[in-house]
Amino acid sequence: MRMALFLDNRPFIALGALPRPSLGNPGIGGTEYEFLALAELLLAAGLDLQLLLTVPQAIDGVAAEAVTVVPSLGEGLQAAVQAGAGLLIFRPGFASEADWSDLETSPLPLVAWLHNLGCNDQGRYEALQALRRWVLVSGPQLDFFRHSRLARQVVVIPNLVAVPPANRGPRSQQQATQATDLAYVGAITPFKGFDRLASQWNWIAGRCPGARLRVFGGANLYGGGDAAAQASAGRSPQPLTPYEQHCRQILQRGRHSDRVLFEGSQGLERYDALAEVAVGVVNPSGVDETFCLSAAEFNACGIPVVTARRHALISTVPEGLAGLLASNDRELARCCVELLTDPQRAWQLGTQGEAHVLASYGPEAVLAAWQQLFEEVVQGRPAPALAPQSPWWHENRWLRQLWGAGLAVPGWPSWPVFKQMVKTLLQGGSGAIQPRAVGLLSGLIALLVWALVVFGKYGGNPTGLARIGDQLPLSPRLQGADLVILEGKRGNDGQQFLSLALDPLQQLPGTSAALDNPIYRGKRLLYPLLAWLAGLGQPALIPWSLGLINVALIGCCGALVAGWAQLEQRSPQWGLAVLALPSYWITLSLDTADLLATTLLLASALAFRAQRPGALVASLSAALLSREMGLLAWASSGLTSLRERRWTWLLPLALVPLPLLAWTASLKARFPVTADGLLVSLHFTWPGMGIATKALQLLGLVSLAGVQVGGAERLFDSLCFVFWLASLVVLLTTALRPGLSRWLRLTAGLYLLPALCTSIQILARFPDYTRVWIDLSSLSLLALLSLRGSVLRAWLAVAGLLSLGYGVGLIGFAP
């Protein structure tokens, strides 16, 4: 039977004629290399193969008569039919609309060889009638797709791994001892996370004086090797990308940048350079890794591998057998040091790794797996079910299986299809999700929760969110209104903001009478003013607008955090992490200005990081009219600008407090007998006193007047307090951590100081200190995204449980 194999070789045609794939990767993308390696392997085994390329290119080991040049996948399919092929193997995700008409009417059985964790139009591929198999390259990759219909047509065939004979392991102990360098092989792109290794190099180099860091790769590695392609064409290398510049700046900030060698993207010559390498590092981020050919090549050369404990790396690099796996950047650095300083251990792992590669990814094993696939397809046999090959907790396998179980229900969507539908709905396209789409999704989820509370708990009366008590006078504009009144309660801050939203400028005498401090409350003008504008000044609409503004603000926070994640070279999907923070949901349920204040803080952070002084000044000016705590962000922006010599920023920043000062002067002139600092003096005390008193209260050693909690509420309050303290620790770590954004470090330190002075007036109840210090949660989230440690997931998991617990308590038990 003749088999057809289609590959678009245009990205690496600049390399010219290619050497035998059985000698190793000549410097092209791993997926493209595997297509060529399979072609040589099948032809060498005497099988009838037709290799379909998009442009002519000589490949040693692949006879010219076995190659057919076609301009596209669709025409390649037609050529395969004309040549009498029995099936076509292709890479999904790159079909044009013209190709789809041929794929959907294909008379040939189709085999999709997927090397990634998904592809464009995956749902459409899953629905192809002619598609007989999905070929995946590792068990963990299959486990990642347990929520997809493609899992029902899967066969797992590992990639073929080959290196030049002279470079194959195992090494001798003497060779392992003489090798002292640390090497990174791979693309220098945000996706692969070389910056994470770069940020740890100074620490590694300080403990391994004889080691150098050798970097093999470039930004255009998947395009066929930038350095090699440019050299072959007689042109000078391309300028560095912004990400490459970012990585080099990280290295230059350390004391050992002189021991870093950028080797560029190389072909087969890089295998000779590996003789001096003691330890190999691949893909420190672990993102989207379904096999990792570079890791297996290191092992094939007898070199142990250090990488992330993510995706298929747990399979390609068995921990303790072929290398070491790390859960975070610091652990990755420790693993590198451990092997660099212990040649005996490194030699042992390298030797075992070489044997593992030969047995699992050698020509015999790979050829046998492909031959079995061909037999099954020709005979029309269904794909055998494959058991999970990764732990139940790895990459949320259990959750993917749970969704996949629903595929037995008619109409239940494959998760990639459902995800694509949501993405298209949010941003109108099929590309990677963007911060705006993350914000929209966050806002929609917040709207659903808000509606559940308003209609499920308060019967459709939004004044329930204001938590109105019966001990303070009401706004004259609330007379006769249908209100949710809490008997025997003084009333929450939401009652104050509702009164102000009905009359933001306090023009009615009864408005100031309804406020406990007209100046202190009145200075926080922006939130009630926005509610008044959104509600068109109508008393019946304003209670609705107060809550809906906070819904929109949660969406804005999601978009802003997503933007910060992008600047940190992380996925924008991290913006959804704001939905885990309990302070956001508490504020949403209480109609207060805290969400507006933290939104403007996040906007300031993003504006400073993106070097947009206009947006920074606008955000800070608005923040000061939301809460005075914005003065801390203003101070850190000014000090950071001064430290970084951004002289043109200083004058605009000096003007930031003017709107607040002018409005405060107006309020003081109208209410001369009001003590502006009355409430402020109650909120702060000597450092640590409030925290100590709170701890004693939770331990039952101190009783607070008017505060009686017990049972489940005491337990929940304790958990919230511990989480709040954990956020303080995160900010302290951030303030002391070099290498992070100077603005973030200084802002973390400035917010930490007043937080330590918080009085028991605020710390008495968890809804108060949690939402009042909402900025701590927001800054901690930004900091943990920048720190890239494993703490982020644990911190968010605890936050999510607290948010869930608060929701249950609010709906089921709160009055």
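The values are calculated or read from the model by the stated rules, or taken from the named source; none is laboratory data. A quick note: this is a predicted structure, and the numbers were derived from the prediction, not measured. Methodologically, a virtual Cβ is constructed for each residue, glycine included, from the backbone with ideal geometry; neighbour enumeration extends over all protein chains shown. We work out accessible area using only protein heavy atoms, side chains counted, and drop any ligands, DNA or RNA first. Shrake-Rupley method; radii C 1.70, N 1.55, O 1.52, S 1.80 Å.
A compact table of results
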quantity	calculated
Residue within the stretch 782-790 that is open to solvent by less than 30 Å² (accessible area, probe 1.4 Å), farther than 30 Å from Ala198 by Cα and not acidic (Asp, Glu) present	no
Options Arg765, Arg742; residue that is modelled with pLDDT under 95, closer than 30 Å to Ile485 by Cβ and of a type in the set (Lys, Arg)	Arg765
Residue in the stretch 716-725 that is touching an Asp or Glu at 6+ places or on another chain (Cβ under 9 Å), among the aromatic types (Phe, Trp, Tyr) and either crowded, with 20+ Cβ neighbours inside 10 Å or closer than 30 Å to Val287 by Cβ (or both) present	no
Number of the condition not met by Phe671 [criteria: (1) more than 36 Å from the chain's Cα centre (by Cα); (2) surrounded by 14 or more Cβ atoms within 10 Å (Cβ to Cβ); (3) modelled with pLDDT of 90 or more]	(3)
Residue within the stretch 165-173 that is open to solvent by 50 Å² or more (accessible area, probe 1.4 Å), under 30 Å from Leu784 (Cβ atoms) and either assigned to a loop (DSSP other than H, G, I, E, B) or modelled with pLDDT under 90 (or both) present	no
Any hit, the stretch 285-302, residues being surrounded by 24 or more Cβ atoms within 10 Å (Cβ to Cβ) and among the charged types (D, E, K, R)	yes
Output for the stretch 319-354, where each listed residue is surrounded by fewer than 17 Cβ atoms within 10 Å (Cβ to Cβ) and either assigned to a loop (DSSP other than H, G, I, E, B) or acidic (Asp, Glu) (or both)	Glu319, Gly320, Leu321, Ser327, Glu338, Thr341, Asp342
Residue identified as open to solvent by less than 30 Å² (accessible area, probe 1.4 Å), over 18 Å from Leu529 (Cα atoms) and assigned to a helix (DSSP H, G or I) among Leu632, Leu595, Leu579, Leu653	Leu653
Residue selected from the stretch 500-513 under the condition farther than 11 Å from Trp532 by Cβ and free of Cβ contacts under 8 Å to residues at least 40 places away in the same chain, by the criterion most open to solvent (accessible area, probe 1.4 Å)	Gln507
Residue pairs meeting the criteria (Cβ under 6 Å; at least 6 apart or on separate chains; first under 15 Å from Ala44 (Cα atoms), in the stretch 350-371; second open to solvent by 60 Å² or more (accessible area, probe 1.4 Å) and modelled with pLDDT under 95)	none
Segments classed as helices (runs of 4 or more DSSP H), wholly inside the stretch 735-787, with at least 1 members that are in contact with a Cys (Cβ under 8 Å, 6 or more places away or on another chain) and farther than 17 Å from Ser636 by Cβ	766-772
Failed item in (1) in a helix (DSSP H, G or I); (2) open to solvent by 30 Å² or more (accessible area, probe 1.4 Å), with Arg381 passing the rest	(1)
Flag if Gly469 is touching a Phe, Trp or Tyr at 6+ places or on another chain (Cβ under 6 Å) and either open to solvent by less than 10 Å² (accessible area, probe 1.4 Å) or aromatic (Phe, Trp, Tyr) (or both)	no
Exclusive hit being of a type outside the set (Phe, Trp, Tyr), over 22 Å from Leu785 (Cβ atoms) and touching a Ser or Thr at 6+ places or on another chain (Cβ under 9 Å), set Thr747, Thr758	Thr758
Sole residue being open to solvent by less than 40 Å² (accessible area, probe 1.4 Å), of a type in the set (A, V, I, L, M) and closer than 21 Å to Ala130 by Cβ, chosen from Ala66, Ala95	Ala95
Residues of the stretch 384-402 that turn out to be open to solvent by 60 Å² or more (accessible area, probe 1.4 Å) and within 27 Å of the chain's Cα centre (by Cα), as a count	8
From the options Leu731, Leu696, Leu639, residue that is assigned to a helix (DSSP H, G or I) and modelled with pLDDT under 95	Leu696
Subset of the stretch 472-499 that is open to solvent by less than 50 Å² (accessible area, probe 1.4 Å), among the polar types (S, T, N, Q) and not in a helix (DSSP H, G or I) - its residue that is farthest from Leu533 (Cα to Cα)	Asn492
Whichever residue in the stretch 700-713 is under 38 Å from the mean Cα position of the chain (by Cα) and loosely packed, with under 14 Cβ neighbours inside 10 Å and, among such residues, is nearest to Ala580 (Cα to Cα)	Ala712
Qualifying residue in the stretch 356-378 (condition: touching a Pro at 6+ places or on another chain (Cβ under 7 Å), within 19 Å of Gln173 (Cα to Cα) and open to solvent by 10 Å² or more (accessible area, probe 1.4 Å))	yes
Sole exception among (1) in a helix (DSSP H, G or I); (2) open to solvent by 60 Å² or more (accessible area, probe 1.4 Å); (3) over 15 Å from Gln50 (Cβ atoms); (4) not small (Gly, Ala, Ser) for Leu103, by number	(2)
Index of the failed condition, Ala58 passing every other in (1) exposed (fewer than 15 other Cβ atoms within 10 Å of the Cβ); (2) closer than 23 Å to Gly86 by Cα; (3) among the aliphatic types (A, V, I, L, M); (4) in contact with a Leu (Cβ under 8 Å, 6 or more places away or on another chain)	(2)
Residues of the stretch 735-754 that turn out to be out of contact with any Gly (no Cβ under 8 Å at 6 or more places or on another chain), within 16 Å of Leu782 (Cβ to Cβ) and open to solvent by less than 60 Å² (accessible area, probe 1.4 Å), as a count	12
Members of the stretch 414-454 found to be hydroxyl-bearing (Ser, Thr, Tyr), outside any helix (DSSP H, G or I) and modelled with pLDDT under 85, listed by number	Ser430
Residue list for the stretch 429-446, filter: surrounded by fewer than 17 Cβ atoms within 10 Å (Cβ to Cβ) and either among the polar types (S, T, N, Q) or closer than 16 Å to Leu546 by Cβ (or both)	Ser430
Residue in the stretch 124-146 that is over 30 Å from Pro21 (Cα atoms), out of contact with any helix residue (DSSP H, G or I) (no Cβ under 7 Å at 6 or more places or on another chain) and touching a residue at least 40 places away in the same chain (Cβ under 8 Å) present	no
